[in-house]
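Each remark here refers to the structure printed beneath this line.
The values are calculated or read from the model by the stated rules, or taken from the named source; none is laboratory data. Source: prediction; values computed, not measured. Cβ coordinates were reconstructed from backbone atoms using ideal geometry, including for glycine residues, and neighbour counts include every protein chain displayed. The protein model used for the area step is the full one, side chains on, heavy atoms only, and it has no ligands, DNA or RNA in it. Shrake-Rupley method; radii C 1.70, N 1.55, O 1.52, S 1.80 Å.
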Amino acid sequence: MTSILAIRPSADVMHAFDALPKALREAIASAPFAFDPEEIGQRLARGRSAGSVVREIERVSGGAA
């Protein structure tokens, strides 16, 4: 997993964020702490559904994101 604190171009991070489904972008944007959009994209590439990742973000965020 890539550390969210790793130095990388912000444009790369924003492109990864923009590539995510709308529900995931909204969940990440409303979460109380940062999620790495590149790592979330890797989860989707490994077969996780967007809905299950949204539910996980909501769970670890302490409620509905």
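Can you tally the net charge around ARG48? Count Lys and Arg as +1, Asp and Glu as -1, for every other residue whose Cβ sits under 12 Å from the Cβ of ARG48. Intermediate values should be presented prior to the final figure.
Values: positive: ARG43, ARG46, ARG55; negative: GLU39, GLU56.
Here the count lands on +1.
Computed with every protein chain present, the accessible area of ARG25 is close to 70 Å² [probe 1.4 Å].
Enclosing the Cα atoms of the chain in their convex hull gives a volume equal to 81 cubic angstrom per residue. Largest accessible area first, the listed residues ILE7, ILE28 line up as ILE7, ILE28 when surface is computed with a 1.4 Å probe on the assembled protein chains.
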